[in-house]
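The values are calculated or read from the model by the stated rules, or taken from the named source; none is laboratory data. On a predicted model such as this, the values are computed, not experimentally measured, just so you know. FYI the Cβ positions are ideal-geometry reconstructions off the backbone, even for glycines, and counts take in every protein chain you see.
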């Protein structure tokens, strides 16, 4: 059994103007199909390659979320029976089209474009890259002022910063511009390498594996996923990670936020997991947020059951 | 959003114009062939072959039948938009910079650059859209312009005035009948790169190399809003449906090769029209943006860059969710 899931979202723009020629200004109705998931299942080799005994194609739905399901049976090029399950949503898009616009759609190519047949040109391409609107973060005024303050301080106290490393003169010139550069002793060692090479200086960096109390190997990163994990349920459908970040951040540092998303609809499924760095912070968050009214719903916040138990 | 890339021009873009319904998109570039595309799919319809120099600006009549282009080859040409045939040529002694058809399409303003000691000028000509055989080259009024180029020209309310912006950074409104300067606005300190009128004609937006875009009242030339950017602004447009503006620019072409595209600030920036706050940016070009135009339906806009690419940006829900 070979399952090949395929994700298509681009088909969405197969717009077709229905009833193209109308005299009055009219609205052309077009239907777009958003393919949510298309799964192809190839039957085991034993299946006969005779088209006549294929099961009939099925169309199901729409279900309560408006998702349609179509099941088609085919024999592919290799002679293998395949079953395609396609789950999709239909949207109706109304587009205003004037008679003038319809007429202009039939204009013949001219100039340099005449040499090409329709659809033959490679002049137009839809970007392969998804471009996002990058929103500008608005910094609060107070933060802006804070950010500019040290700079201002530096500017006023510039003389103390300006110390020449060659001659030691303060507030006169930079090291590279030192007039006594040539007079300085070239043979002197760089100041940092006076210690023995292998010896560790006090206060230097010690890798975690060599610190006192380390077991030798690093702790598994996976363990952290279950540590101090809080389950939040009864969330509204449009809750995003950012909302939870705002909710939990006041209690302490948060390591991970996971909002369960329904793959078909893209909406939240109503629960999420939040991991906190400190267990005490987590307990405080649970005490405060369990039963808290959020988005007209009453939150349920509790320690998540460990992975094994949940299975 | 996935922008549509149009790669039809071999040289930097200079100007982009939608027709009234937004289904046709006209682009001008320094290569000599203005190009027509379908505004929705980006399919190339044709090129207007006939100019012998960079084409600086164009304008299209309200019924989308006629295209007027102005070129550095000292001519302005009238084209049949559908067939790509040039049916009339206005010949001047200086390079043509800006062209604009008056409301109703019965007149056009054509500006010429200063050249060989002759100052810049604004020429008002008569256009006959109904009977093309009656078209003449007669200039009804020649207004001697200010020092330096006149880079953009707009028709004011009721065709009474002509609004120009130019190299000296001054926006002027001229009486279209007698050529007198009616109003002057010295809000910009550097060259004005672009002027774009609002849907209702009550105000317009300017883009300047002094790193700002400003909104002016089209009657009084009073500066109402200022949008400060961190780059020289080459184009600024007003959204026809929302209280937003889009501006684009980037460091000048001379210094592009010496900096990375990230430092060049080649993205289009969206600002709130009233609050003058920056909302966001859309990246894509790897050269400065020279031209911008909003689709009249307000759901997409098009940018043209020094890199020779035209990008149609369809605005998706993430944009319309912005308050």
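Can you name the number of the only condition in (1) surrounded by fewer than 19 Cβ atoms within 10 Å (Cβ to Cβ); (2) more than 9 Å from chain A (Cβ to nearest Cβ); (3) touching a strand residue (DSSP E or B) at 6+ places or on another chain (Cβ under 7 Å) that residue B:101 fails?
Condition not satisfied by residue B:101: (1).
When you scan the range B:286-306, how many residues do you find that are modelled with pLDDT of 90 or more and in a loop (DSSP other than H, G, I, E, B)? Break it down into steps so the answer makes sense when it comes.
We begin by selecting, within the range B:286-306, every residue modelled with pLDDT of 90 or more; these are B:288-306.
Keeping just the survivors that are in a loop (DSSP other than H, G, I, E, B) gives B:288, B:295-299, B:306.
Counting residues in the range B:286-306 that are modelled with pLDDT of 90 or more and in a loop (DSSP other than H, G, I, E, B) gives 7.
Go over the candidates B:47, B:89, B:112 one by one and state the one that is crowded, with 22+ Cβ neighbours inside 10 Å, farther than 27 Å from residue A:117 by Cα and in contact with a strand residue (DSSP E or B) (Cβ under 6 Å, 6 or more places away or on another chain). Quick ask: steps written out before the conclusion?
Details: B:47 fails: farther than 27 Å from residue A:117 by Cα; B:89 fails: crowded, with 22+ Cβ neighbours inside 10 Å.
Just one listed residue meets the conditions, B:112.
Could you identify the single residue in B:63, B:59 that is closer than 29 Å to residue B:157 by Cβ and out of contact with any strand residue (DSSP E or B) (no Cβ under 9 Å at 6 or more places or on another chain)?
Just one listed residue meets the conditions, B:63.
Are any of the residues in the range A:259-270 more than 27 Å from the chain's Cα centre (by Cα) and surrounded by fewer than 15 Cβ atoms within 10 Å (Cβ to Cβ)?
no
Please work out which residue is nearest to residue B:37 (Cα to Cα), limiting yourself to the range A:115-130 and to residues that are facing chain B (nearest Cβ under 7 Å) and surrounded by fewer than 16 Cβ atoms within 10 Å (Cβ to Cβ).
The qualifying residue nearest to residue B:37 (Cα to Cα) is A:125.
Does residue A:92 satisfy the condition of being in a strand (DSSP E or B) and either closer than 30 Å to residue B:65 by Cβ or not assigned by TED's automatic domain parsing to the domain that holds residue A:262 (or both)?
Yes.
Identify all residues within the range B:35-80 that are at the interface with chain A (Cβ under 10 Å from one of its Cβ atoms) and in contact (Cβ under 8 Å) with a residue 60 or more places away in the chain; write none if there are none.
Selection gives B:37, B:39, B:42, B:63, B:65.
So how many residues does the range A:95-110 have that are part of a loop (DSSP other than H, G, I, E, B) and within 16 Å of residue B:83 (Cβ to Cβ)? It would help to see each step written out before you state the result.
First, pick out the residues of the range A:95-110 that are part of a loop (DSSP other than H, G, I, E, B): A:98, A:106-109.
After this cut, where a residue has to be within 16 Å of residue B:83 (Cβ to Cβ) as well, the list is A:106-109.
Of the residues in that region, 4 qualify.
Answer with yes or no whether residue B:14 is more than 8 Å from chain A (Cβ to nearest Cβ) and under 19 Å from the mean Cα position of the chain (by Cα). Reasoning before the result, please.
Values: more than 8 Å from chain A (Cβ to nearest Cβ): yes; under 19 Å from the mean Cα position of the chain (by Cα): yes.
The answer is yes for residue B:14.
Out of contact with any strand residue (DSSP E or B) (no Cβ under 8 Å at 6 or more places or on another chain), in contact (Cβ under 8 Å) with a residue 24 or more places away in the chain and more than 30 Å from residue A:61 (Cα to Cα): which single residue out of A:275, A:296 fits that description? Break it down into steps so the answer makes sense when it comes.
Details: A:275 fails: out of contact with any strand residue (DSSP E or B) (no Cβ under 8 Å at 6 or more places or on another chain).
Sole residue among the options that is out of contact with any strand residue (DSSP E or B) (no Cβ under 8 Å at 6 or more places or on another chain), in contact (Cβ under 8 Å) with a residue 24 or more places away in the chain and more than 30 Å from residue A:61 (Cα to Cα): A:296.
Name the residues in the range B:162-171 that are part of a strand (DSSP E or B) and over 14 Å from residue B:222 (Cβ atoms), would you? Break it down stepwise before answering.
Step one: list which residues in the range B:162-171 are part of a strand (DSSP E or B), which gives B:162-166, B:171.
Within the range B:162-171, B:162, B:164, B:165, B:166 meet the criteria.
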